[in-house]
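> One structure, as structure tokens, below. Some questions next.
The values are calculated or read from the model by the stated rules, or taken from the named source; none is laboratory data. Since the model is a prediction, treat every value here as computed from it, not as a measurement. Cβ coordinates were reconstructed from backbone atoms using ideal geometry, including for glycine residues, and neighbour counts include every protein chain displayed.
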Amino acid sequence: MNIEIIASFEHASGAPMAALRLAHGLSERGHKLNATFIYRLETIPRSDFPFTLLFEREKVGALDALAAVSTLRRAFRERHADAVISFLPLANVIGQVAAFAAGVPVRLVSPRVPVTTYSRGMQLADSLLARTGIYTCVVAPTGAVLRSCGHYPKRLRDTFSVVNNGLLDWTPSTLSRAEARRHFGIPPGAFALVSVGRLAEQKNHAFLLPVMERIGDAVLLIAGGGELESQLRGEIAARGLQERVRLLGSIERTEIAKLLAAGDIFVQPSLFEGQSNALLEALASGLPCFVSDQPEQRETLTRADGTIAGAVLPFDAAAWAQAANRLKSDPVAANLARDAARKRAADFSFATMIDGFERALAPGRKRAVEAV
């Protein structure tokens, strides 16, 4: 098949990287692929697949959107596209309108977070495209995300499928825990909380500051850059946590592997997720994971037998601190949690992810929906 993958923006974060990994995997299966980002938020330092960028700026307006639809429609026709896969709200609207106008038969939309978290305007546009036949099938990374599309018409609901994310070429660090801790200057004996994610409202990093005030002899290292960096630094200073909370900025993937090797727990208090690649990497590194009690997060951490690879916690700083202190003081429980994390990581396969998208792309084939 000639497949086009469209994502809203270039950025070294979950959805854009997942789009490129999907392009890589489908290309390896013999499909002809093109990947396109509409605009740039941040340059991706290492790409899993080559891509085209429509606008080299951080924002696009209405005229830009119209120009993007025209450009993509022409490209889809010239390249005889059989299918268009879109990631993220803006790409879903621009990419699938262009695909419909170009006569592309398979128009697969993949919401990466619950559609209820979209802006009001994007929710209206998304619902309109779903109801008017612009979308032809829907694939989501978790059942929780798919449930947010329950208002789509039955024609689309019959195509629903859950395809979990899978990691491409993810290799845990070869450094020992002690070596990794020295690399980041973590004091011997300190309990290390680590987090990876954009410094954006969704990731809710500020929630972790009162948690840190309740955990003795602990440090928090956060990898990621973003628009809230200066605000978060101010809150860290206001609480007197400069020596215990460190913002590492955007770091290379190999450095992320070292950071996860250095940690005692991975923390992710997100307001919402789809299925976090950072969380999957933490599981693959054998880290107990503490996440916010959101349906997408609970689903990602829970195995078929009900085992949870860490803790799913409410937005209550005392509850997070209590859970961390419990693990900090109980090496046996910590080792069991690490083992549970590795077992859960084994449930997420890159090959299975590519299999799932290939099934969804098959013309006329009804998709089996996992429990949603």
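> Give Leu90, Leu54 a once-over and let me know the one that is crowded, with 16+ Cβ neighbours inside 10 Å, more than 19 Å from Gly274 (Cβ to Cβ), touching a Ser or Thr at 6+ places or on another chain (Cβ under 8 Å) and at pLDDT 95 or above.
Leu54
> Residue pairs, Cβ under 7 Å, 6 or more apart or interchain, first in the range 1-28 and within 27 Å of Gly249 (Cβ to Cβ), second assigned to a strand (DSSP E or B) and of a type in the set (Ser, Thr, Tyr). List them.
The qualifying pairs are Phe9/Tyr39.
> Which condition number in (1) farther than 23 Å from Gln297 by Cβ; (2) in contact with a Phe, Trp or Tyr (Cβ under 9 Å, 6 or more places away or on another chain) is the one that Gln242 fails?
The failed condition is (2).
> Continuing with this model, one more query. Failed condition for Val60, given (1) touching a residue at least 60 places away in the same chain (Cβ under 8 Å); (2) out of contact with any Gly (no Cβ under 7 Å at 6 or more places or on another chain), with all others met?
Looking at each condition in turn, Val60 falls short on (1).
> Here's a follow-up. Out of (1) over 25 Å from Ala12 (Cβ atoms); (2) in contact (Cβ under 8 Å) with a residue 40 or more places away in the chain; (3) part of a loop (DSSP other than H, G, I, E, B), the odd one out for Gly306 is which?
Here Gly306 meets the rest and fails (2).
> Which condition number in (1) modelled with pLDDT of 95 or more; (2) out of contact with any helix residue (DSSP H, G or I) (no Cβ under 6 Å at 6 or more places or on another chain); (3) of a type in the set (A, V, I, L, M); (4) crowded, with 16+ Cβ neighbours inside 10 Å is the one that Leu66 fails?
With (1) modelled with pLDDT of 95 or more; (2) out of contact with any helix residue (DSSP H, G or I) (no Cβ under 6 Å at 6 or more places or on another chain); (3) of a type in the set (A, V, I, L, M); (4) crowded, with 16+ Cβ neighbours inside 10 Å applied to Leu66, the lone miss is (4).
> Please state which one of Gly166, Gly216, Gly234 is part of a loop (DSSP other than H, G, I, E, B) and either surrounded by fewer than 21 Cβ atoms within 10 Å (Cβ to Cβ) or over 23 Å from the mean Cα position of the chain (by Cα) (or both).
Checking each option against the conditions leaves just Gly216.
> Oh, and also: Being among the charged types (D, E, K, R), in contact with a Leu (Cβ under 9 Å, 6 or more places away or on another chain) and in a helix (DSSP H, G or I) is the filter here, so list the residues in the range 245-287 that pass it.
Glu255, Lys258, Glu281
> All but one of (1) of a type in the set (S, T, N, Q); (2) over 15 Å from the mean Cα position of the chain (by Cα); (3) outside any loop (DSSP other than H, G, I, E, B) hold for Gln242, so report the exception by its number.
(3)
> A further question on this structure: Determine whether Leu90 is of a type in the set (A, V, I, L, M) and more than 16 Å from the chain's Cα centre (by Cα).
yes
> While we're here: Which one is nearest to Ala91 (Cα to Cα), of the residues in the range 110-153 that are surrounded by 15 or more Cβ atoms within 10 Å (Cβ to Cβ) and of a type in the set (Gly, Ala, Ser)?
In this case the residue turns out to be Ser110.
> Can you find even one residue in the range 284-307 that is within 16 Å of Phe191 (Cα to Cα) and surrounded by fewer than 17 Cβ atoms within 10 Å (Cβ to Cβ)?
Checking the range 284-307: not a single residue is within 16 Å of Phe191 (Cα to Cα) and surrounded by fewer than 17 Cβ atoms within 10 Å (Cβ to Cβ).
> For residues in the range 331-347 being touching a helix residue (DSSP H, G or I) at 6+ places or on another chain (Cβ under 6 Å) and surrounded by 19 or more Cβ atoms within 10 Å (Cβ to Cβ), which is farthest from Gly166 (Cα to Cα)?
Ala341
> If you check every pair at least six apart or on different chains, which have Cβ atoms under 6 Å apart with a residue in the range 93-106 that is in the same structural domain as Asp82 (by TED's automatic domain parsing) and assigned to a loop (DSSP other than H, G, I, E, B) first and a residue that is of a type outside the set (D, E, K, R) and surrounded by 20 or more Cβ atoms within 10 Å (Cβ to Cβ) second?
Matching pairs, first to second residue: Val104/Phe76; Val104/Ala81; Val104/Val84.
> In addition: Looking at the range 113-161 only, could you name the residues that are farther than 20 Å from Pro16 by Cβ, part of a loop (DSSP other than H, G, I, E, B) and without any contact (Cβ under 8 Å) to a residue 60 or more places away in the chain?
Residues satisfying the conditions are Thr132, Gly133, Ile134, Tyr135, Thr136, Ser148, Cys149, Gly150, His151, Tyr152, Pro153.
> Sticking with this one: In the range 264-276, how many residues are crowded, with 24+ Cβ neighbours inside 10 Å and over 18 Å from Ile308 (Cβ atoms)?
Number of matching residues: 1.
> Tell me which of these Ala190 doesn't satisfy, since it passes every other one: (1) crowded, with 17+ Cβ neighbours inside 10 Å; (2) in the same structural domain as Arg214 (by TED's automatic domain parsing).
(1)
> Can you find a residue in the range 313-334 that is in contact (Cβ under 8 Å) with a residue 40 or more places away in the chain and closer than 30 Å to Cys137 by Cα?
no
> Same structure, new question: Could you tell me how many of the residues in the range 20-51 are in contact with a Ser or Thr (Cβ under 8 Å, 6 or more places away or on another chain) and on the phi > 0 side of the Ramachandran plot?
0
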